[in-house]
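K.L.:
Take a look at the following structure, please.
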Amino acid sequence: MYRILIVEDDRVIAEMVKKHMESWGYEVRCVEDFKNVLGEFAAFSPQLVLLDISLPFFNGYHWCSQIRQISKTPVIFLSSASDNMNIVMAINMGGDDFVAKPFDLNVLMAKVQAMLRRTYDFGGQTGIFEHRGVILNLSDTSVYYEGHKVELTKNEFKILQILMEQKGSVVSRDRLMTRLWETDSYVDDNTLTVNVTRLRKRLEEAGVRDFIVTKKGMGYLIG
């Protein structure tokens, strides 16, 4: 089931589109906090975004550029401002298509389905994990916090991925080493400690504190 995120402040339009898409079997969510569109995007990890241009606080161009920093998820702009300048601006900011309001729901659905087919039929789906504003993108092994990229080594990224996949649960050191051993580098107990220490330091340098909690005798936990 594909997930679709609707970023539209007109509640009537948002609910109408949501209900129609759900009738086709999609999982659909409407953004509630227009100050934190990127956070809701990361938490929901949709396969497609329907994005209005005129929004409270920041416009759709801003949020499209923010999404493009962490994801290649297709974005379809929805707007009554359908002049050529806005269409060109939408595409230049990273949008994949533009639908003018008022629109026919069946036409919108056809565009959504075509976009999903082109994007995922051959390329597979990508994953995004988010916790406390830290965004982990598996498609390009990038980590972002408050719009800034956090540089990690391959092992540091893998450790963070494993911990975020098991968010809320303690991951034992043995399990971490086993998962890391599946890659092309050998990891012993001392190497794991060094990598976790460096990972904590990278996150703290970016302003993320107490993100990885040590459970003595058990392992590590995302806090």
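The values are calculated or read from the model by the stated rules, or taken from the named source; none is laboratory data. All values reported here derive from a predicted model rather than from experimental measurement. We place every Cβ from the backbone using ideal geometry, glycine too, and count neighbours over all the protein chains shown.
K.L.:
Could you list, in sequence order, all residues of the range 55-74 that are assigned to a helix (DSSP H, G or I) and surrounded by fewer than 21 Cβ atoms within 10 Å (Cβ to Cβ)?
P.N.:
Pass one, the range 55-74, residues assigned to a helix (DSSP H, G or I): 60-70.
Those that are assigned to a helix (DSSP H, G or I) and surrounded by fewer than 21 Cβ atoms within 10 Å (Cβ to Cβ): Tyr61, His62, Ser65, Gln66, Arg68, Gln69.
K.L.:
Condition check: assigned by TED's automatic domain parsing to the domain that holds Met85 and closer than 19 Å to Val99 by Cα. Does Val37 satisfy that? It would help to see each step written out before you state the result.
P.N.:
Details: assigned by TED's automatic domain parsing to the domain that holds Met85: yes; closer than 19 Å to Val99 by Cα: no.
No; evaluated as a whole, the condition is false for this residue.
K.L.:
Considering only strands (runs of 3 or more DSSP E) fully contained in the range 142-223, which possess at least 3 residues that are under 15 Å from Arg132 (Cβ atoms)? Before the answer, list the steps.
P.N.:
Details: elements: 142-145, 212-215, 219-222.
Result: 142-145.
K.L.:
Please go through the range 91-105 and pick out each residue that is in a loop (DSSP other than H, G, I, E, B) and of a type in the set (A, V, I, L, M). Give the derivation first.
P.N.:
The first filter runs over the range 91-105 and keeps only residues in a loop (DSSP other than H, G, I, E, B), leaving 93-96, 101-104.
Scanning the range 91-105 gives a single hit, Met93.
K.L.:
I need a count of the residues in the range 45-99 that are of a type in the set (A, V, I, L, M) and closer than 21 Å to Arg29 by Cα. Give the steps one after another, and end with the answer.
P.N.:
Residues of the range 45-99 that are of a type in the set (A, V, I, L, M), as a first pass: 48-51, 53, 55, 67, 70, 75-76, 78, 81, 85, 87-91, 93, 99.
In the following step, the residues that additionally are closer than 21 Å to Arg29 by Cα were identified as 48-51, 53, 55, 67, 70, 75-76, 78, 99.
Looking only at that region, the number is 12.
K.L.:
Right, Ile135: buried (at least 20 other Cβ atoms within 10 Å of the Cβ), under 13 Å from the mean Cα position of the chain (by Cα), within 30 Å of Leu192 (Cβ to Cβ) and among the β-branched types (Val, Ile, Thr) or not?
P.N.:
yes
K.L.:
Right, here's the next one. Could we say that Gln69 is of a type in the set (S, T, N, Q), in the same structural domain as Ala100 (by TED's automatic domain parsing), in contact with a Ser or Thr (Cβ under 9 Å, 6 or more places away or on another chain) and within 16 Å of Ile91 (Cα to Cα) here?
P.N.:
Values: of a type in the set (S, T, N, Q): yes; in the same structural domain as Ala100 (by TED's automatic domain parsing): yes; in contact with a Ser or Thr (Cβ under 9 Å, 6 or more places away or on another chain): yes; within 16 Å of Ile91 (Cα to Cα): yes.
When the stated conditions are applied, Gln69 passes them.
K.L.:
What are the pairs, 6+ residues apart or on separate chains, where a residue within the range 28-46 that is in contact (Cβ under 8 Å) with a residue 24 or more places away in the chain has its Cβ under 9 Å from a residue that is among the aromatic types (Phe, Trp, Tyr) and part of a loop (DSSP other than H, G, I, E, B)?
P.N.:
What qualifies is Phe34/Phe57; Phe34/Phe58; Val37/Phe57; Val37/Phe58; Pro46/Tyr2.
K.L.:
Select from the range 146-159 the residues that are within 26 Å of Lys35 (Cβ to Cβ) and crowded, with 17+ Cβ neighbours inside 10 Å and list them in ascending order.
P.N.:
Within the range 146-159, the first condition is being within 26 Å of Lys35 (Cβ to Cβ), and the residues that meet it are 146-150.
Correct list: Val150 only.
K.L.:
Give Phe44, Phe129, Phe77 a once-over and let me know the one that is surrounded by 14 or more Cβ atoms within 10 Å (Cβ to Cβ), within 30 Å of Leu163 (Cβ to Cβ), among the hydrophobic types (A, V, I, L, M, F, W, C) and modelled with pLDDT of 90 or more.
P.N.:
Numbers: Phe129 fails: modelled with pLDDT of 90 or more; Phe77 fails: within 30 Å of Leu163 (Cβ to Cβ).
Answer to the check: Phe44.
K.L.:
Take the residues in the range 21-41 that are closer than 21 Å to Glu130 by Cα and of a type in the set (Phe, Trp, Tyr); name whichever of them is surrounded by the most Cβ atoms within 10 Å (Cβ to Cβ). Step through it out loud before you land on a result.
P.N.:
Here is the first cut: in the range 21-41, the ones closer than 21 Å to Glu130 by Cα are 27-41.
Those still in the list that are of a type in the set (Phe, Trp, Tyr) too: 34, 41.
Working: Phe34: 16, Phe41: 25.
Result: Phe41.
K.L.:
Just give me the residues in the range 144-167 being of a type in the set (D, E, K, R) and within 16 Å of Arg68 (Cα to Cα), in sequence order.
P.N.:
Taking the range 144-167 and keeping what is of a type in the set (D, E, K, R), we get 146, 149, 151, 154, 156, 158, 165, 167.
Glu146, Lys149 - these are the residues of the range 144-167 that are of a type in the set (D, E, K, R) and within 16 Å of Arg68 (Cα to Cα).
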